[in-house]
Structures are given as structure tokens and as C-alpha cells.
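**Student:** Once you've had a glance at the structure underneath, I'll fire off some questions.
The values are calculated or read from the model by the stated rules, or taken from the named source; none is laboratory data. Because the structure is predicted, anything quoted here is derived from the model rather than measured. Cβ coordinates were reconstructed from backbone atoms using ideal geometry, including for glycine residues, and neighbour counts include every protein chain displayed. Ligands, DNA and RNA are excluded from the accessible area calculation, which covers all protein heavy atoms including side chains. Shrake-Rupley method; radii C 1.70, N 1.55, O 1.52, S 1.80 Å.
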Amino acid sequence: MTYRFFKYYQEFLRRRPYLVQAIQTGGLMATGDVISQVIIEKTYWRDTDIQRTLKFGSIGFFIGGPALRTWYGVLNKYVGSQGKIVTIKKVFLDQFLFAPSFLCILLISVAALQRKTWDIIKVDLKSNYFDVLTTNYYIWPWVQILNFYYVPLHYQVLVVQIVALFWNTYLSWKTNKQIALKNL
């Protein structure tokens, strides 16, 4: 059964890589939000904010999955696909070009979906961005070294999103903690 599912997944991924990676990213971001609400924020399961989860997941579906797939394709095309030097170049570009801009877009998107004003969004960015970026640098370079060196391009977004389940839990908590504190 698992083998058959994996074969269907591979075929669907081969035919529709952007769609598959958008679905898996959206689903894993939504799951990270639920974990944040239930385990970190200690919300009862029945009181989970489904709208919040759908909004967070939609960022993964419409922005995260497509952006990651496109970025990894660009890296593969212009930097290469194999070798230690290629891996180091990819990690450097990923962490010093993509991560800072993507995290900024992500934080703005979450705040916009929370219907915050631009003035509040700027305050949130000022208070959260560098903390999130710094935390990113503790985790993602190591993940990306393994990902870029060992994982074929068409599975790189999946590998990142599996690790990102924990990252998404952190991001959901971080971007919603003021709201959660107001509800206490």
C-alpha cells in the first residue's frame, strides 16, 4: 500500500511539480499552525481557529510551495546540481538571498491576512523579523546542506517541508503570539 502511494505520488509530482509542492507546503503549514495552537498555545482541539489555520496554509499553497519550487529550480539551473562546492554555493545563496526576502514576505502575508494595518505590520516586522531570521540561521543552513547535497531536485521541497513542520509551528506561534496573549 505504501509503495503504491509513493508511486502515485512520484507520478503526480513528475506531471505537476508545482501543484504537488503547493499542496504539500500548504498542508504542512496548516498542520504546523494546528500544532502551534493545540500544543504550544494550549488551545483545546474544539477551539482551534480554523480560519487562522486556513490562512496560514493558504500562504504555503499560494506563496511558499511555488516560491520554493521555483527557487530550487533556479539554483539547479544556474548553480548546478551536484558537488560539494555547488552545495555550499546553493546554501549561501539560499540563506543570504532567498531566506531574508522570503521570511519578510511570509511575515507580511501573515499580518495582512490577520487584517493588520500597514503601520502595525511595520511594527511587527521590526519586533519579529530579525528574531525569526536569526532562528532561521540556527536551523536551515544545516538542513539545506543535506538537502542540496543528497536529495534530488524534485524531492527537495518535500524534505524542506517535513523539517518545516516544526519551523511552521514556530512561525505560527511567533506571528500569532500577540493575538494569543490578548486572548489570555
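**Student:** Pick out the one residue from Ile139, Ile145, Ile162, Ile121 that is open to solvent by 70 Å² or more (accessible area, probe 1.4 Å) and of a type in the set (A, V, I, L, M).
**Tutor:** Values: Ile139 fails: open to solvent by 70 Å² or more (accessible area, probe 1.4 Å); Ile145 fails: open to solvent by 70 Å² or more (accessible area, probe 1.4 Å); Ile121 fails: open to solvent by 70 Å² or more (accessible area, probe 1.4 Å).
Of the residues listed, the single one that is open to solvent by 70 Å² or more (accessible area, probe 1.4 Å) and of a type in the set (A, V, I, L, M) is Ile162.
**Student:** Next question. Considering only residues that are surrounded by fewer than 14 Cβ atoms within 10 Å (Cβ to Cβ) and aromatic (Phe, Trp, Tyr), look in segment 72-114 and name the one that is farthest from the chain's Cα centre (by Cα).
**Tutor:** Restricting to residues being surrounded by fewer than 14 Cβ atoms within 10 Å (Cβ to Cβ) and aromatic (Phe, Trp, Tyr), the top hit is Tyr78.
**Student:** Same structure again: Show the residue pairs that are 6+ apart or on different chains and have beta-carbon atoms under 7 Å apart, the first residue being within segment 139-162 and farther than 21 Å from Leu103 by Cα, the second being in a helix (DSSP H, G or I) and of a type in the set (Ser, Thr, Tyr).
**Tutor:** Cβ pairs passing all conditions: Tyr149/Thr87; Leu153/Tyr72.
**Student:** Could you look through segment 37-54, keep only residues that are of a type in the set (S, T, N, Q) and either touching a Cys at 6+ places or on another chain (Cβ under 9 Å) or under 18 Å from Ser109 (Cα atoms) (or both), and pick out the one that is surrounded by the fewest Cβ atoms within 10 Å (Cβ to Cβ)?
**Tutor:** Out of the qualifying residues, it is Gln51.
**Student:** Further, regarding this structure: Going by the structure shown, is Phe130 part of a helix (DSSP H, G or I), under 22 Å from Val151 (Cβ atoms) and either open to solvent by 20 Å² or more (accessible area, probe 1.4 Å) or of a type in the set (Val, Ile, Thr) (or both)? Break it down stepwise before answering.
**Tutor:** Values: part of a helix (DSSP H, G or I): yes; under 22 Å from Val151 (Cβ atoms): no; either open to solvent by 20 Å² or more (accessible area, probe 1.4 Å) or of a type in the set (Val, Ile, Thr) (or both): yes.
In short, no.
For (1) over 19 Å from Thr25 (Cα atoms); (2) among the aromatic types (Phe, Trp, Tyr), each residue gets a yes or a no:
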position	(1), (2)
Arg52	no, no
Ser58	no, no
Phe61	no, yes
Gly64	no, no
Lys77	yes, no
Gly83	yes, no
Ile88	yes, no
Leu107	no, no
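**Student:** When Val20 is evaluated against the numbered criteria (1) open to solvent by less than 40 Å² (accessible area, probe 1.4 Å); (2) more than 19 Å from Asn176 (Cα to Cα); (3) touching a residue at least 24 places away in the same chain (Cβ under 8 Å), which criterion, by number, is the only one it fails?
**Tutor:** (3)
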